[in-house]
1. Tell me, yes or no, whether the stretch 246-267 has at least one residue that is more than 21 Å from A196 (Cβ to Cβ) and crowded, with 18+ Cβ neighbours inside 10 Å.
2. Run D157 past the list (1) acidic (D, E); (2) within 30 Å of Q15 (Cβ to Cβ); (3) at pLDDT 90 or above and report the number of the one that doesn't hold.
3. Before we move on, is A110 at pLDDT 90 or above and of a type in the set (G, A, S)?
4. Given the residues T32, T2, which is the only one that is modelled with pLDDT under 90 and polar (S, T, N, Q)?
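The values are calculated or read from the model by the stated rules, or taken from the named source; none is laboratory data. Since this is a predicted model, take the numbers as computed values, not measurements. Backbone-built Cβ (ideal geometry, glycine too); neighbour counts: all protein chains shown.
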Amino acid sequence: MTGRNSVQSRRIAAQLMMLRRAAGMSGDNAATRLGWSPSKVSRVERALSPIGLEDLGSMLGLYRVPAAERDAMMGLARRLSGRLLDDYADSAVIQEWAVTAFPLAARSAAYARAVLEAGQPLHRRSPSELEREACAAGLRAEKLTGGTGQQLQLCFDEAVTLRQYGSPAVMAGQLAWLRKLAGLPGVQIRMLPLSAVTLRPPAFSLFSLTEDASPAFPPAVLVEHLREPWLSVTEDVSFRHRLAFEYIWAQALDPEATAVALAEAEAVRVELTRVLPQPGFKAGAIGH
């Protein structure tokens, strides 16, 4: 059974909708032929309900999906089964722009937890769900330090360094982790300075483009909205977001200048930590 609220689970859901449409079927028609209610098909395609492997196989068979693509989707679903969160594990390339908090792909567990807690009035996650998502961020951080072979291009607005989530110690730890991450193979991090005379995409606070190692999966775009993230695998949406990312990336500071800015921001937070001691803080720790 694939998990909810994860990039790859949403990728499977969006892919199923695209495959149904390519097969020339309406949601009602597919539901009738599968022996399901129309609402079940809708919930699966919007990633509102998890889908079991048997049901996934039935949908892929109905849509007459080629064997190679079918095997890739079933394989991804099996890997997701029982996983805490997919944490971009199956993405070979990740490009992410963030304007309200640091990129999802580069958050420490402590910082991720602080961001989630700040969003509780809007998102209303249960304590266990919040903890799972925070732990997933910590696991992602550990995997990155071990070398994943992924290519990451992460870009964020300078305002993110000024916006505090959690204590000064949490912020200092997050900034230290970003500087460490920037030194890993395959990782590039850039900051768009407030002084840059350029447009910031106004409709969303974060978007990421991911490419899977398997050619069976098209590039995906994940956009963070007020209530729930929205994911698309359509070519035109990917094209527009890639253009937006490349434009922002070209206007941002280079990695070296970004590293200097991160070090300066970290120094400010460390000084605040010294003035306002935080128990258990260790500068540079990833945090769990």
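1. Within the stretch 246-267, one or more residues are more than 21 Å from A196 (Cβ to Cβ) and crowded, with 18+ Cβ neighbours inside 10 Å.
2. Here D157 meets the rest and fails (2).
3. Spelling it out, A110 is indeed at pLDDT 90 or above and of a type in the set (G, A, S).
4. Values: T32 fails: modelled with pLDDT under 90.
The conditions single out T2.
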